[in-house]
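> Dropping a structure here in structure tokens format, bear with me for questions.
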Amino acid sequence: MDKKQVYFVGAGPGAADLITVRGAKLIADADVIIYAGSLVNPELLNYAREGAEIHNSAYMTLGEVLDVMKSAAADNKTVVRLHTGDPSLYGAVREQMDALDELRITYESCPGVSAAFGAAASMDLEYTLPGLSQSLVITRMAGRTAVPEKESIESWAAHDATMAIYLSTGMLEELSRKLIAGGYKEDTPAAIIYKATWPDEEYYYCKVADLAAVAAEHGITKTALILVGDAIGRSGYEKSKLYDETFSTEFRKAKR
């Protein structure tokens, strides 16, 4: 594998040991680290070698981030751009990659564990339960960043699938209205998980209609993921055919 000048690394959802082995090694080898300080657990910087140059992008513009990358590349230094979760989800990486292409600076991505999967692990959830849901929709409410009209909350709710809704904690009354208008029943199972996998993680089960009230009761105003769908209730599902004794597979014949 050819060495790149910039590596976009997924930091995972919060817990410092939920970064990939590859991601931790890239941090350890980096000369320069630019991390999303408003979201990434600073304990991840413990993987960095002594003397690494560290920048907190919470205080930087896109231009300033690119200036650091450009300067490092000119000095033959390796940069790790450390994003929360997985860089491909709400990571604003495409604009950085396009700029690096123009600058002829090479880069590569290292995936990370997204909050939806950290939340599932913390809450012992399976999003795709047979008979209830076989799809997971990852989406967000429209805010300062618009959402295409065809990807509205109502349109996704019409599918009655499991939904993981990011970046929407401050709009929960509106979110509940849109989910119900789109097709979910008011008593559809839901959950709010604050800072999934962090030491101060909190999560609460509720119903779609009660999302705003539950968040207000526990003082949750940001940094939370909203989960919706019958699979969140963890009951009423069908058992997998894969392990059914009456079901034959390439590796096993049916027992009866």
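The values are calculated or read from the model by the stated rules, or taken from the named source; none is laboratory data. Just so it is clear, the model here is predicted, and its values are computed rather than measured. Counting neighbours? That spans all protein chains shown, and the Cβs are built from the backbone with ideal geometry, glycine included. Heavy atoms of the whole protein, side chains included, go into the accessibility calculation; ligands, DNA and RNA do not. Shrake-Rupley method; radii C 1.70, N 1.55, O 1.52, S 1.80 Å.
> In segment 122-145, which residues are in contact with a Phe, Trp or Tyr (Cβ under 8 Å, 6 or more places away or on another chain) and not in a helix (DSSP H, G or I)? First the steps, then the outcome.
The first filter runs over segment 122-145 and keeps only residues in contact with a Phe, Trp or Tyr (Cβ under 8 Å, 6 or more places away or on another chain), leaving 122-123, 129-133, 136-140.
Correct list: Leu129, Pro130, Gly131, Leu132, Ser133, Leu136, Val137, Ile138, Thr139, Arg140.
> Residues being open to solvent by 10 Å² or more (accessible area, probe 1.4 Å) and in a loop (DSSP other than H, G, I, E, B): count how many of those fall in segment 1-16.
Of segment 1-16, the ones open to solvent by 10 Å² or more (accessible area, probe 1.4 Å) are 1-5, 7, 13, 15-16.
Adding the requirement that they be in a loop (DSSP other than H, G, I, E, B) leaves 1-5, 13, 15.
Within segment 1-16, residues that are open to solvent by 10 Å² or more (accessible area, probe 1.4 Å) and in a loop (DSSP other than H, G, I, E, B) number 7.
> Considering segment 226-236 alone, what residues qualify as being outside any strand (DSSP E or B) and under 22 Å from the mean Cα position of the chain (by Cα)?
Looking only at segment 226-236, we keep the residues that are outside any strand (DSSP E or B), and these are 229-236.
Answer for segment 226-236, where residues must be outside any strand (DSSP E or B) and under 22 Å from the mean Cα position of the chain (by Cα): Gly229, Asp230, Ala231, Ile232, Gly233, Arg234.
> Does any residue in segment 232-256 that is modelled with pLDDT under 75 come within less than 8 Å, Cβ to Cβ, of a residue that is among the hydroxyl-bearing types (Ser, Thr, Tyr) and open to solvent by less than 100 Å² (accessible area, probe 1.4 Å) six or more places away or on a different chain, and which pairs are these?
Correct list of pairs: Arg256/Thr246.
> Only one residue in Leu26, Leu39, Leu100, Leu82 is out of contact with any Phe, Trp or Tyr (no Cβ under 7 Å at 6 or more places or on another chain) and not acidic (Asp, Glu). Which one?
Values: Leu26 fails: out of contact with any Phe, Trp or Tyr (no Cβ under 7 Å at 6 or more places or on another chain); Leu100 fails: out of contact with any Phe, Trp or Tyr (no Cβ under 7 Å at 6 or more places or on another chain); Leu82 fails: out of contact with any Phe, Trp or Tyr (no Cβ under 7 Å at 6 or more places or on another chain).
None of the other options fit; the residue is Leu39.
> From the set of residues in segment 17-65 that are touching a residue at least 40 places away in the same chain (Cβ under 8 Å) and in a helix (DSSP H, G or I), which is farthest from Gln96 (Cα to Cα)? Please lay out each step first, then the result.
Taking segment 17-65 first, the residues touching a residue at least 40 places away in the same chain (Cβ under 8 Å) are 18-20, 22-23, 26-27, 29-36, 39-41.
Filter again for in a helix (DSSP H, G or I), leaving 18, 22-23, 26-27, 29.
On the way: Leu18: 25, Arg22: 21, Gly23: 19, Leu26: 19, Ile27: 19, Asp29: 21 Å.
Checked segment 17-65; the qualifying residue farthest from Gln96 (Cα to Cα) is Leu18.
> Have a look at Ala48, Ala74 and point out the one that is of a type outside the set (D, E, K, R), open to solvent by less than 40 Å² (accessible area, probe 1.4 Å) and modelled with pLDDT of 95 or more. First the steps, then the outcome.
Values: Ala74 fails: open to solvent by less than 40 Å² (accessible area, probe 1.4 Å).
Checking each option against the conditions leaves just Ala48.
> Okay, moving on. Could you please give the count of residues in segment 104-121 that are out of contact with any Pro (no Cβ under 7 Å at 6 or more places or on another chain) and either in a helix (DSSP H, G or I) or among the hydroxyl-bearing types (Ser, Thr, Tyr) (or both)?
Qualifying residue count, segment 104-121: 7.
> Could you list, ordered by first residue, the pairs with Cβ atoms under 8 Å in which the first is in segment 169-183 and over 14 Å from Ser152 (Cα atoms) and the second is buried (at least 20 other Cβ atoms within 10 Å of the Cβ) and of a type in the set (Gly, Ala, Ser), at least 6 apart or interchain?
Close Cβ pairs satisfying both conditions: Thr169/Ala215; Thr169/Ala224; Leu172/Ala215.
> Could you tell me which residue of segment 227-251 is nearest to Ile193 (Cα to Cα), considering only residues that are open to solvent by less than 50 Å² (accessible area, probe 1.4 Å) and of a type in the set (A, V, I, L, M, F, W, C)?
Leu227
> Something else about it: Only one residue in Glu154, Glu173, Glu186, Glu201 is touching a helix residue (DSSP H, G or I) at 6+ places or on another chain (Cβ under 7 Å), of a type in the set (Asp, Glu) and closer than 18 Å to Ala121 by Cβ. Which one?
Numbers: Glu154 fails: closer than 18 Å to Ala121 by Cβ; Glu173 fails: closer than 18 Å to Ala121 by Cβ; Glu186 fails: closer than 18 Å to Ala121 by Cβ.
Only one candidate passes the filter, namely Glu201.
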